[in-house]
Amino acid sequence: MTAPAPRPAEPYENVTSLFGEGWDQLEPPPQAVDVWDSPVPLGQANALPLFPTTTLPGWLADMVAAVAEETQTPPDLAGCMALAALSTACGGKAEVGVRGRWREPVNVYTVVALPPGNRKSAVVGEMIRPLLVVEKELVEQTAAARAEAEVAAKVARAAAEAATKRAATANLEEREGATAEAIALAQRAESAVIPPKPQLIADDITPEGLATLMADQGGRAAILSPEGGIFDIMAGRYSGSPNMEVFLKGHAGDLLRVNRQGREAQFLDAPALTMGLSVQPEVFQDLANTKGADARGLLARFLYSLPKSMIGYRNVTPDLIPDDVAAEYDRQMGVLTRTMHARTEMVRLTLTAEANEILLAQQKRTEAAQRPGAALAQAGTNKWAPKLDGAVCRIAGLLHLAAHPDGHDLAISGETMAAAGTIGEYFTAHSLAVFDAMGSDAALSKARTALAWLAANPRESISRRELFNSLSRTDFPTVADLDPALALLEDHGWIRQIEPPKRTSRGGRPPSPRYQTHPTVTHSTN
């Protein structure tokens with residue numbers, strides 16, 4: 001039997017392999033990963049800080065905490081009203097000499113936004129009670145002097161009228177002397193001054209009336225109210241056009257001209273107005289829409305607070321305000337108010353070296369936060385931020401006087417300046433949220449509503465129709481109303497549209513657009 005012929009070398013020899021050397025040791029390529037970029041926030045802060053009660057002097061911190069507990073309200077409301085109460089007691093009577101010619105008066109404007117039903121009136125009433133007690137005392141103490149001045153003025157006017165009549169009927173020989181006497185008596189009657197009734201607090205008052213009140217009260221006044229009616233007045237409720245002059249100059253301490261009926265104009269060199277208000281959240285939007293409020297800097301003068309309502313989570317059997325806490329608050333606030341009211345010269349507070357260093361660090365942080373693209377450079381806060389450091393100095397002055405009612409010769413300590421800086425950080429966070437809400441348009445508001453629903457009802461994907469059917473018709477009357485919100489959410493990276501499958505037929509309505517949701521929403525723990 002013959003052996004098989006050897007296999008020819010061709011065509012198998014000299015063939016180059018399709019696989020490179022070591023191909024069998026390669027790992028399989030990784031599967032495609034669905035990569036998402038971090039979504040861009042829609043601007044609304046999820047959680048804002050609580051008012052830092054511990055920065056206040058003990059007697060004041062105890063009262064703020066006790067009022068918040070009994071009324072079951074956020075400490076922000078009582079805390080902001082505490083600052084406004086201190087400002088009412090000290091405004092126009094003290095200033096902080098910061099550095100060189102930089103002076104800051106100690107009056108502040110605070111405004112807290114809470115929905116109805118949050119017992120705003122009760123909190124405001126508790127915090128301003130000792131001020132009203134002192135006001136009543138001052139009225140009673142000056143009653144006799146005012147009565148005496150009124151009688152003297154009436155007598156002077158009567159004498160002037162009688163002398164005028166005598167001069168009118170006098171013969172030629174006596175007329176010159178009688179006329180001179182009538183003129184002298186008329187000038188005396190005109191110069192008779194009746195001391196105004198002391199008033200520390202006002203509420204529903206026109207800008208003209210407020211200017212007159214400040215002139216009567218030595219350039220000082222305070223508007224403390226659980227309502228925001230004063231904003232309607234600023235917008236022109238009575239005049240038909242915005243009138244913000246007294247509110248602008250009353251904060252800055254700029255020269256204010258006061259025109260009075262039948263009397264010469266009066267000039268207030270350093271007016272000091274205090275405002276402590278509690279309003280409903282929608283008032284902020286109304287304020288933003290007031291003509292000239294932003295352009296003239298009115299919005300930038302307020303320290304804003306936007307606390308979370310406790311309604312639905314309140315303790316129906318809270319601890320009541322301890323009698324000793326309320327008594328000490330009344331005593332301390334009363335002493336401070338009486339002491340400062342009696343001052344005839346401005347108290348000029350200075351800073352210790354440590355306080356100055358802390359303030360310098362604060363200024364550097366504020367300056368950096370105003371660079372293009374930074375937090376305080378956005379619309380609204382870019383006008384508020386330049387006043388932040390001054391507000392911190394004002395708050396430091398108030399905290400110092402609250403701790404040392406008679407310590408006018410003591411310099412503001414580093415500890416007090418640091419406490420004021422902490423309060424400034426609190427107002428910064430809340431003001432960012434408020435200005436964001438003021439500047440939000442309808443699409444942004446609706447986008448937030450849709451995103452909130454997606455976070456509460458997480459899913460991998462959802463169609464436009466499914467989302468529309470799940471949302472309130474009040475917010476989204478038609479499917480078309482949802483489109484701007486979806487576009488905004490897509491632009492910010494919260495959702496992205498899924499490419500629809502190819503249609504196999506030309507008939508029927510195309511499927512509703514479908515969107516994937518960002519993993520942070522899909523796996524939300526809310």
Q) Among Trp102, Trp59, which comes first, then next, by fewest other beta-carbon atoms within 10 Å? A) Trp102, Trp59
Q: Report, in debye and to the nearest 20, how large the dipole of the chain comes out about its Cα centre when Lys and Arg carry +1 and Asp and Glu carry -1 on their Cβ.
A: 1300 debye
Q: Starting from the coordinates of the alpha-carbon atoms of the range 442-522, obtain the Kirkwood hydrodynamic radius over all distinct pairs and give the value in Å to one decimal.
A: 13.1 Å
Q.
I'd like the Karplus ³J(HN,Hα) series for the range 111-124: coefficients 6.51, -1.76, 1.60, θ = phi - 60°, whole numbers in Hz, and an x wherever there's a Gly or Pro.
A. 9, 10, 10, 9, x, x, x, 9, 6, 4, 4, 5, 5, 4
Q | Cβ-based charge dipole, the chain, positive-most Cα from Ala192, Asn356, Pro39 | A | Ala192
Q.
Eigenvalues of the Cα gyration tensor times 5, then square-rooted: what semi-axes does that give for the range 143-191, in whole angstrom, largest first?
A. 27, 8, 5
**Q.** Helical contribution to [θ] at 222 nm, DSSP H n ≥ 4, -39,500 (n - 2.57), averaged over the chain, rounded to 500
**A.** -15000 deg cm²/dmol
Q: Mind checking which lysines have their Cα closer than 18 Å to the Cα of Lys249? Skip sequence neighbours fewer than 8 apart in that chain.
A: Lys93, Lys291, Lys383, Lys387
Q | Phi to ³J(HN,Hα) by Karplus 6.51 cos²θ - 1.76 cosθ + 1.60 over the range 302-319, Hz, x for Gly, Pro | A | 8, 9, 9, 9, 10, x, 8, 5, 9, 4, x, 10, 7, 7, 7, 10, x, 5
Q: Distance between Cα centroids, the range 363-396 to the range 125-181: provide it in whole Å.
A: 51 Å
Q) Of all DSSP beta bridges in the chain, what percent run antiparallel (nearest 5)? A) 45 percent
Q: For the range 273-358, just say rounded, prolate or oblate: build the C-alpha gyration tensor, square-root its eigenvalues into a ≥ b ≥ c, call rounded for a/c under 1.5, and beyond that prolate if a/b exceeds b/c, oblate if not.
A: oblate
(Q) For a Förster distance of 35 Å, can you work out the FRET efficiency between the beta-carbons of Arg257 and Glu357, rounded to the nearest 0.05? (A) 0.30
Q.
If amide hydrogens are placed 1.01 Å from N in the peptide plane, which non-local residues have theirs closer than 5 Å to the one on Leu351?
A. Ile412
Q: Please turn the phi angles of the range 363-371 into ³J(HN,Hα) values with the Karplus equation 6.51 cos²θ - 1.76 cosθ + 1.60 (θ = phi - 60°), one per residue in order, whole Hz, x for glycine and proline.
A: 4, 5, 5, 5, 5, 5, 6, 9, 5
Q: Mind checking which lysines have their Cα closer than 25 Å to the Cα of Lys165? Skip sequence neighbours fewer than 8 apart in that chain.
A: Lys154
Q) Does the range 185-266 come out rounded, prolate or oblate by the C-alpha gyration tensor, with a ≥ b ≥ c the root eigenvalues, rounded set by a/c under 1.5 and, if not, prolate when a/b is larger than b/c and oblate if not? A) prolate
Q | Dipole axis of the chain (+1 Lys, Arg; -1 Asp, Glu on Cβ), positive-most option in Leu299, Ala374, Met340 | A | Leu299
Q: Search the structure for amide H atoms under 5 Å from the amide H of Gly92, placed 1.01 Å from N in the peptide plane, and list their residues when 5 or more places away or on another chain.
A: Val106, Asn107
Q. What is the chain by shape, rounded, prolate or oblate, if you read a ≥ b ≥ c off the alpha carbon gyration tensor as root eigenvalues and call it rounded for a/c under 1.5, prolate for a/b larger than b/c, and oblate otherwise?
A. prolate
Q.
What whole-number distance in Å separates the alpha-carbon centres of the range 184-198 and the range 225-304?
A. 31 Å
Q) What is the magnitude of the charge dipole of the range 143-191 about its Cα centre, with +1 placed on the Cβ of each Lys and Arg, -1 on the Cβ of each Asp and Glu, and no other charges, expressed in debye to the nearest 20? A) 180 debye
Q) Between Ser191 and Glu490, how many nm apart are label points set 7 Å from Cα along the C-beta direction? A) 8.1 nm
Q. Across bins of 10 angstrom width beginning at 0, how are the C-alpha pair distances of the range 85-167 distributed, in whole percent?
A. 13, 22, 21, 20, 14, 8, 2
Q) Relative contact order (percent) for the chain, with alpha-carbon contacts under 8 angstrom and 6 or more residues of separation? A) 20 percent
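All of the numbers you see were taken from the coordinates with simple rules; none came from a lab. Here the structure is a predicted model, which means the values were calculated and not measured. Using ideal geometry, Cβ is built from the backbone for each residue, glycine included, and neighbour counts are taken over all protein chains shown.
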